[in-house]
Structures are given as C-alpha cells and as structure tokens.
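Read the structure below first, then the notes.
The values are calculated or read from the model by the stated rules, or taken from the named source; none is laboratory data. Small disclaimer: the values here were computed from a predicted structure and weren't measured. In this analysis, Cβ positions are derived from the backbone assuming ideal geometry, glycine residues included, and neighbour counts consider all displayed protein chains.
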Amino acid sequence: MIQLQGAGKRFGHKLLFENCDWLITPRERTGLVGGNGTGKSTLLKILCGKESLDYGSISYAKGMTLGYLPQDGLSLSGRTVFQEAMSVFDNLRLMEKELEALHHKMADLDPSDPEWSSAAERAHAIDSEFRNKDGYSIEAQVGTVLDGLGFRKEDWGRRTEEFSGGWQMRLALAKLLLDRPSLLLLDEPTNHLDLDARNWLESYLDGYPGAYILISHDRYFLDVTVKKTVEVWNKNVHFYSGNYDKYLAQKTERRDQLTAAYRNQRDRIEQLEAFINRFRAQATKAKQVQSRIKELEKIERIEIPPDEQTIHFKFPQPKPSGRIVAEFKGVSKTYGPKHVFSDANFVIERGDRVALVGVNGAGKSTLIKLLAGTEPLSTGSYELGYNTTPDYFAQDQYKELDPDARMIDDIATAAPRSTQTELRSLLGCFLFSEDDVFKRIGVLSGGERNRYALAKMLLAPSNFLLLDEPTNHLDMRAKDVLLDALKEYNGTVVFVSHDRYFIDNLALRIFEIEEGHVHVYPGNYEDYLWRKSGGPEALLEKQAAAQAGPAKVAEIAPVAPDANTGDKRDKPRVNPMKAQKMRVRVKELEEEISSLESQIQQHEAALGDYKSAEETVRVSGLLTHCRKELETRVTEWEELTSELDASA
C-alpha cells in the first residue's frame, strides 16, 4: 500500500533517521517503537502526508485510504456524540435518501413507463451498493463502537463540546474505526482509554479488515495486537518479526551477533595490522604486506551502537507501619444525588499492592481520595493503622509544585544525600535530559510536571503510597523504573493504572468498583479476569468436557467395521509396544491430572483465606504453575487417547 525508499528525516539540525526502506502491505499489523524524540510520531505523520521527507521517496497504492489519530489536540463541536459518529456515514445516508426518493418516484409511475425502468435500475444499483457497505446496520455499528469505547448510552445525546479532551480523542478514534480506512495510523490510541475500553479495542483490532500501524507505551497492548515491530533507533529504522516480547528477544540476539562479528573483525584487523607493521620494511615480504593492506582497506568496519543507558536508582525505604494499614467499615460515598458506592468493607495490610479497577466514572479516584483523606466519607468509618503515613499522588499533582523553582534544585531538597549525577540520571529516566533539568517548573507542561512530581515523591516515599494513574505520560523505560522501584518498596501501595502490564506485574490484590460496590479479588489482573470469567468452575467444566470428548464422539458416531473388506486398513497402525507404552502413559496422566486438580482447589482455598501479601504471592505462583501443568497434561491426554482410539 505504501512504499518508502531511502527515506530520511531531519528535525532542525538533528537527524532522526535515514536510509529507510519499508513496504507496507494490506495486512500490516505493526507496532512502531523507540525512545522519546527518536522520530516515531514524525514517521507516522510522514506516512499520512502531514510531514514531508528530507531524503528518499514515498509512494501510495491507487485507491487506498488513510486514517490518522494524533496523540491529542483534536476538538469536536456542534453535534451530539451520536450525530458526530454517524457523520462518518454521510455518503451512505445520502444514498439512503436517494433510494427512498426513487421508491416514491416508482410508486407514482406506471411500470410500463420507460422512466419507471430507469428509476428501478438506478434503485437496484444503489440498493446493492448500500447493502455491500452494510448501510442497513450503520446505527448498530455506531452503537457498538461507542459502547466499546466507554460512552454510556445516556451520553450519546450530549453535545461533543461538553466532553473533556480525553473523551474527544475517544470520539475521534470511534470515527476512525467506523470509517474503516485501508490503513489506520494510531499515535498512542490507548492514552485516554480505561482497561475495559483497551480490552475492547484489542478485540476490535484483531478482526479489523484493513491494516494498522500504531505507537503505544502499553507493552501488553502491543503484545496482543501487533505481528511486526519497527524500531526507530540510532538514526535508523530496524524491522523485527513478532510482537513486542519477540522484538525484545530478537533485539538482544541481534546485538549479541553484532558484538560477536565486531570482535571477530577486530581480531582480524589486529592480525593484519600486526603483520603489516612487522614486515613493512622487509623487501621479501612486500607482496604479502601489500595484499594485507588492500584487505584492510576493503574491510567495512562494524560499529556497535551505544547502549541505551539503564537506570538503577536505589530509593530510600520508609519506616514500617503496623500490620493493619487501613480499614474500611461500611463506607459509602455520595455526591448529592449521585451514588458512587456503598457498604465498602476491606482491610489493607502492610506490604499489600492493591490495584483499583473499574470503568471510567466508577469511583476509582474517589476511593483513593477517601484513603488519602482529601475527601470525607458519607457514611461508615475509616481507620489508619499504627504508624501509617499516607502520601497521595493525584492526577493533577503538578499543582502542588513551586513554579519558580528549578527542577534540579527542587528535587535536591527531597534527597539531600544524593549526588547531582544520581539526580540527573533519575530525571533523565523520567524523560528530562541534558539542559531540561535546569528548567523552572512553571514552564513545564501539565504532563511534564506530573512526571517530575512522581520522581520527586519516589525519592522520599511514605509507608502508604496512594497513586492515581502514575503511569500517565511515561514511556516504557520510565514505567520500568517506576515498576522496579515499587516492587522493591517495602511499604504499602494502592494505585490506579490503565496499563495492563504494569498492573499484572505489580498488583497482589484487585479492588473492583462496579455498580456501587467494591469487590476484592486476590492475585493480579490476570487472576481477576480468570475469576470474573468463571474461575474454578469454568476450569472444571472445561476439564470435564475435554475428558469426556473422545467417549462422546464414539457414542454419537460409532463406526462399524466392514466384515468383508475389514476396517483396519483405513486406520493408522500403531506398533504394539508403542501402544502399550501409550496406555501406561495415559494412566499416569489421569493420576497426575487428578492430583493437579486437587492442588488447584487447595491453592484457591488458600487464596480465599488471606494471611499476608508474601503468602498471597507464593500461593499465586503455585496456582499459576499448577494451571499450566494441568493444561499441558490434559492436552497430552487428549492426543494419546485420540491416537489409541483411532488405531483400536
């Protein structure tokens, strides 16, 4: 669809990339990755025609269509949400009006009239095209996409200008998805989506009929949506097959191969130079020396790109709190007539890492504000444990900062024992590099100030951290530093995040706020989803169905052998010795499956009886291991029994 040849781009005096050759195919499923400032967004703008190349060429296939979603900055007004989404289908609606007018015209004409035949022919052509473009289901399509992206039905009639910038970007994304261009170019489409909307978008993209290229700092989202990864790094564009996890593995392997080739080349160069220097003055060796000089000149030197600096920063640990950190008893919260949640009862213990989840507007930020003490309870009681000191990071935390202070001076007050090099390394990790650290806080954008506020908090954390969307405005590198810091932190954390990878790797418990209630689930987000989808009962049903499968097939469709020709020649023959070994293995597998099922039930019961965060982590690990082992054993059992039945 699009072909880049020898493409290059500069940003002022800075070269972003050069010599890029990229053929984009109709089934492209690509993630565009790289550090901040490397040129990812610029490359996306080049593909959609909003930026031009400084070198090389770009060509487009005839008839292809493009849809581009920037990170932010779009504003819609003048229509309701539903009308704005329906505007994508203006051409179809014009066709529908013309079709209706033709039907009225035909009703007023005599069928023998030539004009009636002409109208009927035109109506048939329009109706065929209208059906091919799913014209009769456009309202259903709009409803599906709006619902999937989190727009409640009661909001469909509201004016678009009433919505915040984040919701405006959701609506812009909805219009692109409904328009279905040949190629979608999405610059951080998950920035303004909650977890439910992200999960829906993952499913939608899985069945998308066209191609897409996307930029995202959400590792899990990339892993489940892309099949190719393109990295802008070291002024070049590198291509990797597979999702983000596979890209990381291939990148490491590619660098190892490059390093090995570099060492081999250095060894050869040193050998040649040693020979030349040793025998340069000897006439009898002149021919050999010249030969080696020519070989040395022809060698195309391998260069090892500089390593991306990995930040390891030791954050100070807080003073320990008591075992009970926070306890809610019958807590309710209302804002006038609006009911957020009621009768919330839970205990948070020392070392807990709790993720708050729920759809936008469910009350996650409200609950974290109640824990921080910045909002009063409507009913019930809230008790902080012994020696517990909460520290709250709000979505608009930047408002608490001194706008006149320089970053490097201000952060030094939070960590007086840290060196300037350490502080600059930390700020660099949170995307403040070189001279940025000398900027005054007041000149930073809201996102930049929030990043800085988070870095400052981690330098002197309390023993009870309450973090409301700390991963916003962070790239993958900064998220990894934050994740590592919180994993090593020995206090207690309650957090809201829409990053699936971050939640899965940090949370030990999930608090779900749904329809006015707070539900508590042990384990991480994956465990929470498993329990929401049926948990132990669903797994047992699946196992029972798998075990009953071969018998049920035999019962429904018995095959009678032919007395004359025999049935054996149509079946695969299995060596009797091998068949005996297979039967022994089947019995072993049945015993192992039974044992694993018992262990799973025991671990699930243990998770239901909460003792401590450490015990929950240990039991969750055992449970995950047992589930994987069970799935492997059941698959092997099915294959062996099927093979034995087929050869009987």
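Among the residues making up the range 111-126, those that are loosely packed, with under 15 Cβ neighbours inside 10 Å and more than 17 Å from Met95 (Cα to Cα) are Pro111, Ser112, Asp113, Pro114, Glu115, Ser117.
Taking the range 139-158 as the range and being farther than 19 Å from His192 by Cβ and in contact with a strand residue (DSSP E or B) (Cβ under 7 Å, 6 or more places away or on another chain) as the test, only Gly157 passes. Total residues in the range 426-476 satisfying the condition of being buried (at least 17 other Cβ atoms within 10 Å of the Cβ) and farther than 22 Å from Asp499 by Cβ: the figure is 6.
Okay, residues lined up against (1) of a type outside the set (S, T, N, Q); (2) under 30 Å from Leu43 (Cα atoms); (3) free of Cβ contacts under 8 Å to residues at least 12 places away in the same chain; (4) surrounded by 12 or more Cβ atoms within 10 Å (Cβ to Cβ):
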| residue | (1), (2), (3), (4) |
| --- | --- |
| Asp206 | yes, yes, no, no |
| Ala211 | yes, yes, no, yes |
| Asp223 | yes, yes, no, yes |
| Lys235 | yes, yes, no, yes |
| Thr259 | no, yes, no, yes |
| Leu272 | yes, no, no, yes |
| Asn277 | no, no, yes, no |
| Ser291 | no, no, yes, yes |
| Lys294 | yes, no, yes, no |
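Let's see how each residue does on (1) in a helix (DSSP H, G or I); (2) among the polar types (S, T, N, Q):
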| residue | (1), (2) |
| --- | --- |
| Gly37 | no, no |
| Ser52 | no, yes |
| Ser75 | no, yes |
| Asn91 | yes, yes |
| Glu96 | yes, no |
| Ala107 | yes, no |
| Ser112 | no, yes |
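For the residues Leu454, Leu458, Leu540, the requirement of being at pLDDT below 85, assigned to a helix (DSSP H, G or I) and assigned by TED's automatic domain parsing to the domain that holds Leu596 singles out Leu540. Taking the listed residues Ser182, Ser241, the one that is touching a residue at least 12 places away in the same chain (Cβ under 8 Å), among the polar types (S, T, N, Q) and in contact with a Pro (Cβ under 9 Å, 6 or more places away or on another chain) is Ser182, with no other qualifying. Among the conditions (1) among the basic types (Lys, Arg); (2) under 27 Å from Glu514 (Cβ atoms); (3) surrounded by fewer than 19 Cβ atoms within 10 Å (Cβ to Cβ), the only one that Arg170 does not satisfy is (3).
Mind checking which residues of the range 473-499 are more than 15 Å from the chain's Cα centre (by Cα), of a type outside the set (Ser, Thr, Tyr) and outside any helix (DSSP H, G or I)?
Asn490, Gly491, Val493, Val494, Phe495, Val496
The set of residues from the range 8-28 being under 22 Å from Leu183 (Cα atoms), touching a Leu at 6+ places or on another chain (Cβ under 8 Å) and touching a residue at least 60 places away in the same chain (Cβ under 8 Å) comprises Cys20, Trp22, Ile24, Glu28. It is to be established whether one or more residues within the range 60-69 are in a loop (DSSP other than H, G, I, E, B), touching a strand residue (DSSP E or B) at 6+ places or on another chain (Cβ under 9 Å) and buried (at least 16 other Cβ atoms within 10 Å of the Cβ). No: the range 60-69 contains no residue that is in a loop (DSSP other than H, G, I, E, B), touching a strand residue (DSSP E or B) at 6+ places or on another chain (Cβ under 9 Å) and buried (at least 16 other Cβ atoms within 10 Å of the Cβ). Evaluate the range 144-153: report whether one residue or more is in contact with a Leu (Cβ under 6 Å, 6 or more places away or on another chain) and either in a helix (DSSP H, G or I) or under 17 Å from Tyr208 (Cβ atoms) (or both). Checked against the condition, which is being in contact with a Leu (Cβ under 6 Å, 6 or more places away or on another chain) and either in a helix (DSSP H, G or I) or under 17 Å from Tyr208 (Cβ atoms) (or both), the range 144-153 yields at least one hit.
Could you please find all residues in the range 365-415 being surrounded by fewer than 18 Cβ atoms within 10 Å (Cβ to Cβ) and charged (D, E, K, R)? Once the filter is applied, which keeps residues that are surrounded by fewer than 18 Cβ atoms within 10 Å (Cβ to Cβ) and charged (D, E, K, R), the range 365-415 yields Glu375, Glu383, Asp391, Asp396, Lys399, Glu400, Asp402, Asp404, Arg406, Asp409, Asp410. Among the residues of the range 215-260, those identified as within 23 Å of Lys9 (Cβ to Cβ) and modelled with pLDDT under 90 are His217, Trp233, Asn234, Lys235, Asn236, Lys251.
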